[in-house]
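Each reported figure results from applying straightforward, stated rules to the coordinates on display, with no laboratory input. As the structure is a computational prediction, the values presented were derived from the model and not from experiment. Counting neighbours? That spans all protein chains shown, and the Cβs are built from the backbone with ideal geometry, glycine included.
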Amino acid sequence: MNKKLVLLWLLVMPFLSVSAQTDSLSRFHSNMIAIGPTNILDTYLSSEKYHGIDVRYVNHSSRFTHWKNISQTVIHQGELSFVHNRADNNDEIGGMYNFQYHLRYNWWLCEQKLRLEAGAGIDVNLGFLYNTRNSNNPAQARAAINLAPSVAASYRSHIKSMPFVVRYEAMAPLVGLMFSPNYGQSYYEIFNEGNYDHNIVPTTIGCTPSLRQLLCFDFKPTRKWSRTWLRVGYLGDYQQAKVNNLKMHQYSHLFIIGITKML
C-alpha cells in the first residue's frame, strides 16, 4: 500500500510543480500608455494618406480558466489619433475602442521557464474618423467583429538579482462582419432614407489582412516591489480592409510603458 502511495505521489508531483512555478508567470494585469506614429487612409473621406500620432490606453490581463491548461487573455484599448495630409492643409481625427477576448491552450518548456500559447478569440472594433474639411461626408463610422486566431509566448529569467518576463502576442482576424457605406453612398441615405446597400459586409482574411502584435518586457527594478513590475515594449497594429469598393488602412508603431501586477 505504501509503495502505491509513493508511486502515485511521484506521478502527481511534476504536475503540482508545474502549476506552482507557472502561477506567477501566467496571471497578470497590466495598464499601459502607448504612443507613436500612425499612417491612415480611408478613401470614403479622401484618397490622400494622412500621417500623425496615435495615443492609446491599453488594459491587458491574463489568467487561467477552470479548464485544464486553458488560459484567457482580455485586452481593452482606447485610441485617439491626430493626423494631417502631405500639404499640411487638412486634418483628420480618429477614435477607436478595441476589445479582445482569447482562449488559448498552454505548453511549458525549458523547465517551465518558457510558456507557449495558441488559440482563438473575438476582436471587436468601434470607432470613427473625422475629416475637418469635408462638408458632405465629414466622418466615417467604424464597426467590426472578427473571429481571430492568436498565439503568445513568454519567457521568465533574471539578470543578476532582477527577475524579468519577456512576452510576445499576435492575433489576426480570420472571418467577421464589418459596417461600411458603399462607394458613393452617403450616411443620409443609410440612416435617414433607409437605403441599405450591402452595408453589413461579411469579411475574410482576404479582404481584411490585418495583424496586431505586442512585444513587452516586464521587470522588477527593486526588491521592495513584490507583485508590481514595470513594463516597456512595442505595440504594432496594422489594420487593412477593402470592402464596397473602398479602401482603408491604419498602420501604427507604438512605444508602450506601464505597470504590471503579478496576481
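Taking loop as defined by DSSP and a crowding limit of 15 other beta carbons within 10 Å, which trypsin sites (Lys or Arg not before Pro) in the stretch 144-223 fit?
Answer by residue number: Lys160, Arg223.
Whole angstrom only: what separates the Cα centroid of the stretch 245-263 from the Cα centroid of the stretch 172-228?
12 Å
Local charge sum around Tyr97 (other residues, Cβ-Cβ under 11 Å, Lys/Arg +1, Asp/Glu -1)?
+1
Per-residue ellipticity at 222 nm for the chain, helices alone: DSSP H runs ≥ 4 residues times -39500 (n - 2.57), over residue total, nearest 500 deg cm²/dmol?
Here the helix-only value at 222 nm equals -3500 deg cm²/dmol.
What net charge do the residues around Ser186 carry, taking every other residue with its C-beta under 11 Å from that of Ser186, with Lys and Arg at +1 and Asp and Glu at -1?
-3
May I ask for the net charge around Gly36, where only other residues with Cβ less than 13 Å from the Cβ of Gly36 are counted and Lys, Arg are +1 while Asp, Glu are -1?
Residues near Gly36 contribute -2 overall.
Given Cα pairs under 8 Å that are at least 6 residues apart, what percent is the relative contact order of the chain?
Answer for the chain is 18 percent.
Note the count of lysine pairs whose C-alpha atoms are less than 17 angstrom apart in the chain, limited to pairs 8 or more residues apart or on different chains.
Final tally of qualifying lysine pairs is 8.
Angle check, please: helix 2-26 long axis (alpha carbons) against the longest principal axis of the chain (alpha carbons), in degrees 0 to 90, nearest 10.
30 degrees
Tell me, what is the percent relative contact order of the stretch 169-260, built from C-alpha pairs under 8 Å that lie six or more residues apart?
For the stretch 169-260, the relative contact order is 27 percent.
Using the Cα centre of the chain as origin and beta-carbon charges of +1 (Lys, Arg) and -1 (Asp, Glu), tell me which of Ser161, Pro202, Ala118 is placed farthest towards the positive end of the dipole.
So the residue we want is Ser161.
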